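Below you'll find the structure I mean.
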Amino acid sequence: MRIDVVTLFPEMFRGFLDGSLLGAAQKSGLLDIRLKNIRDFATGTHRQVDDRPYGGGPGMLLMPGPVVDCVESLCTESDPAETNDLSSSIAMLTPSGRPLTQQVVEELAERRRLILLCGRYEGFDQRICDTLKPDLISVGNYVLSGGEVAAMVIIDAVARLIPGVLGDSRSAVDDSFSGTERLIEGPQYTRPREYRGLRVPDVLLTGDHQRIADWRKAQATHATHGQTNNHTEK
Ligand code: SAM
């Protein structure tokens, strides 16, 4: 899968992309992540990418020209076979987008290409949306200073679903919000058997796979609004 990130701050991605899972996925060719600096598409001596909103108001907005030109340059870099469906690959990070859920992550992971548009300042000039018709995605009902962290959330969540990226592909299937039931995973334990008087539940030590599976299923809970499991003792 190829992911292009359109951003004013490509340097924010360095440590993140070199990290263990994503670094290995890129080295093995499962993921091809490229960073495109919007500033490279700015014109004029000041290489301006933002300006004040018409009608007044605080802050600055990203101007349409540099952002649209940047994305269109990615289209010309593509195989002709890919160019046709490229518009369906564009995702704009914005608080007004549809909420990112595991289901949306699964949908994004199906695509061969993903172009992530990171906003800054007060956001995007509306004509960027009108021209590119991106999929609008929000990572939650709060406001970040820029789309970069939101893009990292998407890259991380999507990468886990690409076959071969996780050491054990069962991990992604068993994870919270996944599978047909989309349950939240129950508590997990590792060594030691007892820690500060807290013992690992006996069932996990039986070696009886069916009983363990039944116990785990009973511990998993249905996702509800603002849910947490708050498992304490079992
Ligand atoms: N004025 C905008 C508003 O009220 O919706 C907020 C702009 S925010 C300071 C700057 C950029 O951060 C946005 O253009 C977007 O790319 C990104 N951003 C902020 N919060 C986000 C969220 N919850 N989900 C996705 N992107 C977000």
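Which of (1) touching a Pro at 6+ places or on another chain (Cβ under 9 Å); (2) modelled with pLDDT of 95 or more; (3) more than 16 Å from the ligand (Cβ to nearest atom) is the odd one out, the single condition residue 140 does not satisfy?
(3)
Within segment 75-82, is there a residue that is modelled with pLDDT of 95 or more, assigned to a helix (DSSP H, G or I) and more than 12 Å from the ligand (Cβ to nearest atom)? Step through it out loud before you land on a result.
Going through segment 75-82, the residues modelled with pLDDT of 95 or more turn out to be none.
No: zero hits.
Can you find a residue in segment 116-130 that is among the aromatic types (Phe, Trp, Tyr) and buried (at least 20 other Cβ atoms within 10 Å of the Cβ)?
Here is the first cut: in segment 116-130, the ones among the aromatic types (Phe, Trp, Tyr) are 121, 124.
Imposing the further condition that a residue be buried (at least 20 other Cβ atoms within 10 Å of the Cβ) reduces the set to 124.
Yes, there is a match, as at least one residue in segment 116-130 is among the aromatic types (Phe, Trp, Tyr) and buried (at least 20 other Cβ atoms within 10 Å of the Cβ).
Residues that are more than 20 Å from residue 18 (Cβ to Cβ) and either of a type outside the set (S, T, N, Q) or not assigned by TED's automatic domain parsing to the domain that holds residue 87 (or both): which helices (runs of 4 or more DSSP H) entirely in segment 99-171 hold 2 or more of them?
Those helices (runs of 4 or more DSSP H) span 102-109, 126-132.
Results for (1) buried (at least 19 other Cβ atoms within 10 Å of the Cβ); (2) assigned to a loop (DSSP other than H, G, I, E, B), shown as yes or no for each residue.
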{"site": "12", "(1), (2)": "no, no"}
{"site": "34", "(1), (2)": "no, no"}
{"site": "47", "(1), (2)": "no, yes"}
{"site": "56", "(1), (2)": "no, yes"}
{"site": "91", "(1), (2)": "yes, no"}
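The values are calculated or read from the model by the stated rules, or taken from the named source; none is laboratory data. On a predicted model such as this, the values are computed, not experimentally measured, just so you know. Cβ atoms come from the backbone with ideal geometry, glycine included; neighbour counts cover every protein chain shown.
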